[in-house]
1. Could you give every pair whose Cβ atoms fall below 6 Å, whose first residue belongs to region 62-90 and is in contact (Cβ under 8 Å) with a residue 60 or more places away in the chain and polar (S, T, N, Q), and whose second residue is in a strand (DSSP E or B) and open to solvent by 40 Å² or more (accessible area, probe 1.4 Å), counting only separations of at least 6 or pairs across chains?
2. Would you check if there is a residue in region 62-73 being surrounded by 17 or more Cβ atoms within 10 Å (Cβ to Cβ) and touching an Asp or Glu at 6+ places or on another chain (Cβ under 8 Å)?
3. Identify, from the list 23, 59, the residue that is acidic (Asp, Glu) and exposed (fewer than 13 other Cβ atoms within 10 Å of the Cβ).
4. Any residue in region 41-53 that is closer than 17 Å to residue 66 by Cβ sitting within a Cβ distance under 8 Å of a residue that is crowded, with 18+ Cβ neighbours inside 10 Å and of a type in the set (Ser, Thr, Tyr)? List the pairs, counting only those 6 or more apart or interchain.
5. How do the strands (runs of 3 or more DSSP E) wholly within region 1-82 filter down when requiring 2 or more residues that are under 11 Å from the mean Cα position of the chain (by Cα) and not basic (Lys, Arg): which remain?
6. Is it true that residue 81 is under 20 Å from residue 23 (Cβ atoms), open to solvent by 60 Å² or more (accessible area, probe 1.4 Å), touching a helix residue (DSSP H, G or I) at 6+ places or on another chain (Cβ under 7 Å) and at pLDDT 85 or above?
7. Return the residues of region 10-20 that are open to solvent by 80 Å² or more (accessible area, probe 1.4 Å) and among the aliphatic types (A, V, I, L, M); say none if nothing qualifies.
Amino acid sequence: MAKVKFLKEGVELEVPKGVELREFCIQNNLKLYLFPENIVNCRGRGYCQLCRIKVDRPEKLSPLTEREKSSVKYEGAQYRLACQCSIAEDGDLQIITRPRRIWGWREHPVYQSIINEEKKIYGF
């Protein structure tokens, strides 16, 4: 079992290995979706990306699925879809449900890495 702290909800729960995080959140009344997302979502198929979570230790979760590789991978390894992942290893874990989305090309990690490289080279 893994001890998982859901930061926005202020709850720490024991999550068994292999349990899909979306189902676990729904069963334990954790706010994975807000209105109207709680009504209009893909029901765990990985299409809508409304169950995005941010994890402090992504290596404790199951490997990325093909659906995740095409949807949230660009945001970084810490972002996952709750409907596509489960706990794979024991240990402590912190999860942020409904994390802030990266909007616009200026906030994209690739663009930010180019800007950081230019700052190193040119000093500004």
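1. 86/20
2. No, region 62-73 contains no residue that is surrounded by 17 or more Cβ atoms within 10 Å (Cβ to Cβ) and touching an Asp or Glu at 6+ places or on another chain (Cβ under 8 Å).
3. 59
4. Pairs that qualify, where the first residue is closer than 17 Å to residue 66 by Cβ and the partner is crowded, with 18+ Cβ neighbours inside 10 Å and of a type in the set (Ser, Thr, Tyr), are 46/71; 49/71; 51/33; 52/79.
5. Hits in region 1-82: 52-55, 79-81.
6. No.
7. Answer for region 10-20, where residues must be open to solvent by 80 Å² or more (accessible area, probe 1.4 Å) and among the aliphatic types (A, V, I, L, M): there is none.
Conditions (1) among the aliphatic types (A, V, I, L, M); (2) in contact (Cβ under 8 Å) with a residue 24 or more places away in the chain; (3) closer than 22 Å to residue 90 by Cα, marked per residue:
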{"residue": "1", "(1), (2), (3)": "yes, yes, yes"}
{"residue": "4", "(1), (2), (3)": "yes, yes, yes"}
{"residue": "10", "(1), (2), (3)": "no, no, yes"}
{"residue": "18", "(1), (2), (3)": "no, yes, yes"}
{"residue": "27", "(1), (2), (3)": "no, no, yes"}
{"residue": "36", "(1), (2), (3)": "no, no, no"}
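The values are calculated or read from the model by the stated rules, or taken from the named source; none is laboratory data. These figures come from a predicted structure and were not determined experimentally. Neighbour counts run over all protein chains shown; Cβ positions are idealised from the backbone, glycine included. Ligands, DNA and RNA are stripped out before the accessible areas are found, and what is left, the full protein with its side chains, is counted by its heavy atoms. Shrake-Rupley method; radii C 1.70, N 1.55, O 1.52, S 1.80 Å.
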